[in-house]
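The values are calculated or read from the model by the stated rules, or taken from the named source; none is laboratory data. Fair warning: this is a prediction, and the values are worked out from it, not measured in the lab. Quick reminder, even Gly has a Cβ in these numbers, built from the backbone with ideal geometry, and neighbours come from all protein chains shown.
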2 protein chains.
Amino acid sequence: MAVTLLGLGTMGTAIAQSWRAAGIKPTVWNRTRKSPEDADTAAAAVAANQLVVTCLLDDDSVTTVLDDVDLTGKDLVNLTTSTPEQSRDRATWATERGARFLDGGIMAVPPMIGTPAAFVFYSGSPAVVDDHRDVLAVPARIHYVGEDPGHAALYDVALLSGMYGMLAGVTHAFALLRAEDIDPTTFAPLLVDWITTTTGSAHDLAHRLTTGDYTTNVTSNLGMQAAGIPTFVDTAKSQGVDPRLLMPYFDLMAQRAAAGKSQEDTAGLVDDLR
Amino acid sequence: MAVTLLGLGTMGTAIAQSWRAAGIKPTVWNRTRKSPEDADTAAAAVAANQLVVTCLLDDDSVTTVLDDVDLTGKDLVNLTTSTPEQSRDRATWATERGARFLDGGIMAVPPMIGTPAAFVFYSGSPAVVDDHRDVLAVPARIHYVGEDPGHAALYDVALLSGMYGMLAGVTHAFALLRAEDIDPTTFAPLLVDWITTTTGSAHDLAHRLTTGDYTTNVTSNLGMQAAGIPTFVDTAKSQGVDPRLLMPYFDLMAQRAAAGKSQEDTAGLVDDLR
């Protein structure tokens with residue numbers, strides 16, 4: 001149950017604290033020393049344990065910190081935010097240096113670390129997960145998504161992208177009410193319930209993407225939805241709200257409906273983005 | 001328990017069926033006759049009952065169908081899709097013709113009508129709700145949001161706007177995975193869970209809008225989130241996905257962060273849309 005942690009930003013600090021709370025004393029290093037007990041150099045911290053976890057600013061920082069450090073025989077777990085491409089390149093880089101590699105995408109903000117709500121997408125070496133499961137599971141649940149080292153980052157970015165779309169919709173919705181005498185805290189539960197209910201449509205969308213059938217049992221087709229766009233645009237304008245957050249999706253719907261696909265469900269819009 | 005229904009599109013038909021299933025036989029009229037039992041004219045259908053429900057194509061259709069019909073003493077419930085402005089104008093129009101007016105925004109697709117999941121936002125005359133509660137509650141739960149006749153349409157459009165943002169995020173998320181050997185139906189539950197969890201942030205956002213405090217207890221501020229944008233854009237591009245659905249929200253975050261508000265939560269973006 002020994003681990004080295006490189007990087008003590010807010011996320012790294014939360015992870016270190018979760019380990020200490022579980023009785024695991026990590027060997028830590030940070031670019032700027034945070035405590036007298038910290039390792040003097042990244043190389044010294046890496047030398048101390050087989051399991052080395054990085055939680056640095058960005059992918060370039062991983063190169064800067066570790067490029068001249070001996071990684072032979074190490075198990076490198078990279079929790080630094082990265083794109084799938086960067087994670088795949090990092091896996092090759094780590095393997096060339098004699099290390100086993102596991103990439104992780106943290107699905108939590110620092111205050112959630114150590115709570116049941118936090119989880120990490122991992123991909124890469126399954127042996128690293130098996131050999132260090134007890135340590136890795138302390139800060140957040142382990143969700144392993146396969147050997148492709150880019151997939152953890154891909155799942156991470158995909159979920160957060162979905163979230164940012166939802167946040168854009170929420171932002172627009174609250175803006176519509178801002179000119180009225182309506183309490184946002186009274187409206188919020190209605191909005192949360194509605195989005196929670198309608199998010200379930202992602203299951204049907206996934207099924208359609210798998211089968212390629214975009215037209216059977218469509219309850220509200222693209223043509224009908226496109227016909228409703230003026231109501232959304234006109235309402236936004238008369239409420240003094242710029243509709244720009246929603247326009248790209250409306251345009252995508254209108255374009256596909258106009259291209260002879262008006263009887264389809266929205267699943268085909270996924271194809272049109274590519 | 002008598003009611004007239006004007007408009008037998010898919011929604012009107014579902015509403016009429018829910019009444020019949022509950023033992024209420026509506027007097028119905030449609031622009032093109034659907035059954036020999038239908039009323040000959042809209043005027044005849046309106047004359048038959050005090051409660052008149054419209055479920056027509058759009059706001060213009062309401063004028064076309066009812067402008068020459070005597071509405072004196074009628075209770076007009078307008079379920080036709082409209083903007084808040086159109087609903088307010090319709091309330092004035094109905095009052096001038098001697099009718100009481102209630103506007104409704106249906107939060108359901110036709111197959112949901114008559115099930116517990118369906119509800120309708122109503123606003124306008126509270127007396128119309130009180131006098132016809134038993135009839136109105138059959139197709140969908142009643143959610144009355146006040147006397148301003150525009151508010152039902154506003155709540156309706158606001159919830160659906162939030163949903164469209166969510167759908168845009170979901171579309172982008174699935175597109176990111178489309179080039180990989182990842183089963184969409186395996187990914188969907190993760191995405192649904194994540195959006196469901198993070199939608200809860202709308203409560204905090206509403207509270208901030210009420211207090212005007214955008215800076216206390218911010219776990220992931222605009223500066224930190226704006227710094228992450230390249231990861232989303234680069235991932236989209238390397239996965240062959242056009243990031244246009246998410247760019248307006250990212251741009252809004254980046255602009256506010258650059259305008260000296262990097263320590264803030266995202267709540268201020270609501271103000272920037274206006």
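Is segment A:39-48 home to any residue that is at pLDDT 95 or above, surrounded by 14 or more Cβ atoms within 10 Å (Cβ to Cβ), assigned by TED's automatic domain parsing to the domain that holds A:Ala99 and farther than 19 Å from A:Gly73 by Cβ? Among the residues of segment A:39-48, not one is at pLDDT 95 or above, surrounded by 14 or more Cβ atoms within 10 Å (Cβ to Cβ), assigned by TED's automatic domain parsing to the domain that holds A:Ala99 and farther than 19 Å from A:Gly73 by Cβ, which makes the answer no.
Tally up the residues in segment B:79-138 that are of a type in the set (Val, Ile, Thr) and within 14 Å of another protein chain (Cβ to nearest Cβ), please.
If we filter segment B:79-138 for residues that are of a type in the set (Val, Ile, Thr), which is where we start, we get B:80-81, B:83, B:92, B:95, B:106, B:109, B:113, B:115, B:120, B:128-129, B:135, B:138.
Restricting the remaining residues to those that are within 14 Å of another protein chain (Cβ to nearest Cβ) gives B:80-81, B:83, B:106, B:109, B:113, B:115, B:120.
Residues meeting the conditions: 8.
For the condition facing chain B (nearest Cβ under 7 Å), closer than 20 Å to B:Val157 by Cβ and either of a type in the set (Ser, Thr, Tyr) or crowded, with 19+ Cβ neighbours inside 10 Å (or both), A:Leu176 qualifies. Among the residues of segment A:156-164, some residue qualifies, meaning at least one is more than 7 Å from every other protein chain (Cβ to nearest Cβ) and touching a strand residue (DSSP E or B) at 6+ places or on another chain (Cβ under 7 Å). With respect to the conditions (1) assigned to a helix (DSSP H, G or I); (2) within 16 Å of B:Asp68 (Cα to Cα); (3) not polar (S, T, N, Q), B:Asp40 falls short on a single one, namely (1). When B:Ala127, B:Ala99, B:Ala91, B:Ala117 are screened for being in the same structural domain as B:Ala14 (by TED's automatic domain parsing) and at pLDDT below 95, only B:Ala117 passes. Test B:Ala258 against the criterion of being in the same structural domain as B:Met166 (by TED's automatic domain parsing), exposed (fewer than 14 other Cβ atoms within 10 Å of the Cβ) and hydrophobic (A, V, I, L, M, F, W, C), and give yes or no. Here the answer is yes, as B:Ala258 does meet what is asked. Only a single item in (1) farther than 30 Å from A:Thr83 by Cα; (2) in a helix (DSSP H, G or I); (3) more than 7 Å from chain B (Cβ to nearest Cβ) is not met by A:Thr216, and it is number (2).
For beta carbons closer than 7 Å, sequence separation of 6+ or different chains, a first residue in segment B:54-81 that is closer than 17 Å to B:Tyr122 by Cα and a second that is part of a loop (DSSP other than H, G, I, E, B) and among the charged types (D, E, K, R), the qualifying pairs are B:Thr80/B:Asp58; B:Thr81/B:Asp58.
Within segment B:10-27, the set of residues being modelled with pLDDT of 95 or more and either in a helix (DSSP H, G or I) or under 21 Å from the mean Cα position of the chain (by Cα) (or both) comprises B:Met11, B:Gly12, B:Thr13, B:Ala14, B:Ile15, B:Ala16, B:Gln17, B:Ser18, B:Trp19, B:Arg20, B:Ala21.
Checked against (1) at pLDDT 95 or above; (2) in a helix (DSSP H, G or I), B:Met224 meets all criteria but (1). The residues of segment B:179-196 that are more than 7 Å from chain A (Cβ to nearest Cβ) and either in contact (Cβ under 8 Å) with a residue 60 or more places away in the chain or touching a strand residue (DSSP E or B) at 6+ places or on another chain (Cβ under 9 Å) (or both) amount to a single one, B:Ala179. Among the residues of segment B:227-246, just one is closer than 19 Å to A:Arg244 by Cβ, crowded, with 19+ Cβ neighbours inside 10 Å and either without any contact (Cβ under 8 Å) to a residue 12 or more places away in the chain or small (Gly, Ala, Ser) (or both), namely B:Ala236. Only one of the listed residues (A:Leu6, A:Leu56, A:Leu51, A:Leu66) is touching a Gly at 6+ places or on another chain (Cβ under 6 Å) and surrounded by 14 or more Cβ atoms within 10 Å (Cβ to Cβ). That residue is A:Leu56. Scanning segment A:251-274 for residues that are farther than 30 Å from B:Ser238 by Cβ and outside any helix (DSSP H, G or I) yields a total of 2.
Residue by residue, here is whether (1) farther than 30 Å from B:Arg256 by Cβ; (2) acidic (Asp, Glu) holds:
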residue: B:Gly146; (1), (2): yes, no
residue: B:Tyr164; (1), (2): no, no
residue: B:Val170; (1), (2): no, no
residue: B:Ile182; (1), (2): yes, no
residue: B:Asp193; (1), (2): no, yes
residue: B:Thr197; (1), (2): no, no
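Taking segment A:199-213 as the range and being more than 9 Å from every other protein chain (Cβ to nearest Cβ) and outside any helix (DSSP H, G or I) as the test, the residues that pass are A:Gly212, A:Asp213. You will find that of A:Gly104, A:Gly73, A:Gly98, A:Gly114, the residue that is on the phi > 0 side of the Ramachandran plot and either crowded, with 20+ Cβ neighbours inside 10 Å or within 27 Å of the chain's Cα centre (by Cα) (or both) is A:Gly114 and no other. Of the residues that make up segment A:236-250, is at least one touching a helix residue (DSSP H, G or I) at 6+ places or on another chain (Cβ under 7 Å), at the interface with chain B (Cβ under 8 Å from one of its Cβ atoms), at pLDDT below 95 and not in a helix (DSSP H, G or I)? Within segment A:236-250, not a single residue is touching a helix residue (DSSP H, G or I) at 6+ places or on another chain (Cβ under 7 Å), at the interface with chain B (Cβ under 8 Å from one of its Cβ atoms), at pLDDT below 95 and not in a helix (DSSP H, G or I).
The lone criterion from (1) surrounded by 22 or more Cβ atoms within 10 Å (Cβ to Cβ); (2) out of contact with any His (no Cβ under 8 Å at 6 or more places or on another chain); (3) in contact (Cβ under 8 Å) with a residue 24 or more places away in the chain left unmet by B:Thr215 is number (1).
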